[in-house]
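Trainee: Structure in structure tokens, see below.
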Amino acid sequence: MDKQQLKVLFLANVPSPYRVEFFNALSADCDLTVLYQLYRSSERDVQWTAQASGTYRQVFLRGKATAADKAFCPGVTAWLKKGWDAIIISGNTSPTELWAIAWCKLHRVPYCLEADGAFAGSGSGLKEWIKARAIGNAGLYLSTCRELDQYYLHYGARADRLRRYRFSSLTEADILPRPVTAEEKQALRRELGIREARMVLSIGQFIPRKGIDLLLQAARGLDKNVGIYIIGGIPTESYLTFARENDLTGVHFVDFQKKDRLKKYYMAADLFVLPTREDIWGLVVNEAMACGLGVITTNRCNAGLELIRNGENGYLVAVEDVHALREAMLEALVNTEALGRCALETIRPYTVETMAADHMTHIREFSRLQK
């Protein structure tokens, strides 16, 4: 099929930079229309949006915001009626997504479900009941990882309809061609004002889910020559107080950084740590690996579960286990070069380009199945 023959409708939440990069790439191979529920997420910095540069049409639906990146936009049904070779509904939790799924089911319009990641719930309660009835009838389920596979199956998906795609925010050009040398790291550290002999990097908002408090507790067992740089905006007073009361002079809180300068922090570091209590994916893991960093994260991070091999390109630790987190950091810091080399090779296939190619493979299959 050529581009004019394959008309694709994609329902998304907000024009986040990684999604826009993906849509730009996807639009090279199909006639793509993207419906956004909101202009931006209220949980993100205002700069966390991007403009389309591909050939696709983007439409901002009218509706009422119901959460940080969710809204109710009943006008989505006017677009669902237009006739498409494939409809992809990205997510199944916002009122707009649930409305679109219900309309497609009622009118027997085939659709695909897609998500970045998920963890299955308990199976009880109204919210779980709604999910079970919303998820079970899609034509295909586009999944990033084993946990998302299990999530779909938990809520009634058929196993033979699961399809994988490689999830990423990185273009091929974003992944380093080789590891950063020691000399290059030292030059970057001088530029960034980093004084310590070893550097651990962490990136995430100062909210409980990201587990920065766990990293601060683990830092109490590290040598003073290890600097921990946490990029995530303005820290709460509780974090500042804990660092001060525990004499964590090697811990540094850094405000949000623009993409080019953030990459310098990645390249200057020896190790990346994401001590999250839950991330349905965790794109910072991809970004760290793309800069040649071994990664430590928890067993509630799907990027870690999917990409990390213990002792080869990083370490997975049990969520909330401060002792295991500290021990993994100590072990990783004596083997950063080998971990980083392996991490860089692990992440090479995870690009926006391969993400778009994977989607097109599944979209073409879906379109054939409907004929």
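Every read-out reported here was derived from the displayed coordinates using simple, explicitly stated rules and does not represent laboratory data. Everything numeric here is computed off the predicted structure, so don't read it as measured data.
Trainee: Which pairs, out of 105/127; 70/259; 82/127, put more than 22 Å between their alpha-carbon atoms?
Mentor: 70/259; 82/127
Trainee: Just how many % of Cα pairs in the chain lie over 29 Å apart, if you round to the nearest whole percent?
Mentor: Here the long-distance tail beyond 29 Å is 44 percent of all Cα pairs in the chain.
Trainee: Looking at the calculated P(r) for the range 176-347, what percent of the C-alpha pair distances fall above 21 Å?
Mentor: Percentage above 21 Å: 40.
Trainee: Helix 322-332 against the longest principal axis of the chain: what's the angle in degrees, Cα atoms only, rounded to the nearest 10?
Mentor: 80
Trainee: Taking the convex hull of the alpha carbon atoms in the range 210-264, what volume per residue do you get, in Å³?
Mentor: Taking only Cα atoms, the range 210-264 has a hull volume of 82 Å³ per residue.
Trainee: With both partners inside the chain, how many of the DSSP beta bridges are antiparallel, as a percent to the nearest 5?
Mentor: On the way: 3 of 48 bridges.
Of those bridges, close to 5 percent are antiparallel.
Trainee: Rounded to the nearest 10 degrees, what's the angle between the helix 336-347 long axis and the longest principal axis of the chain, both from Cα atoms, 0 to 90?
Mentor: Taking Cα atoms only, the helix is inclined about 10 degrees.
Trainee: Quick one: check the C-alpha center-to-center distance for the range 176-211 versus the range 272-299, whole angstrom.
Mentor: Measuring centre to centre over Cα atoms gives 13 Å.
Trainee: Another one. For the range 256-307, how big is Rg over Rh, using alpha carbon atoms and the Kirkwood form of Rh?
Mentor: Expressed as Rg/Rh, it is 0.97.
Trainee: With angles folded into 0 to 90 degrees, how steeply does helix 182-192 sit against the dominant principal axis of the chain? Use alpha carbons for both and round to 10.
Mentor: 90
Trainee: For residue 131, go through the aspartates and glutamates and keep the ones whose alpha-carbon is under 13 Å away, minus same-chain ones fewer than eight residues off.
Mentor: 97
Trainee: According to the Cα gyration tensor, what semi-axes, each the square root of 5 times an eigenvalue, does the equivalent ellipsoid of the range 247-336 have, listed from largest to smallest in whole Å?
Mentor: 19, 16, 14
Trainee: Starting from the Cα of residue 263, draw a straight line to each of the aspartates and glutamates and keep only those under 12 Å, dropping any in the same chain fewer than 8 residues away.
Mentor: Within the straight-line limit of under 12 Å, residue 263 reaches these aspartates and glutamates: 174, 287.
Trainee: If I stretch the segment between residue 323 and residue 160 completely, what's the gain in nm (0.36 nm per residue apart, minus their alpha carbon distance), one decimal?
Mentor: Value of the extension gain: 54.6 nm.
Trainee: As a check on your grasp of the helix formula, calculate [θ] at 222 nm for the chain: sum -39500 (n - 2.57) over DSSP H runs of n ≥ 4, divide by the residue count, round to the nearest 500.
Mentor: So the calculated ellipticity at 222 nm is -11000 deg cm²/dmol.
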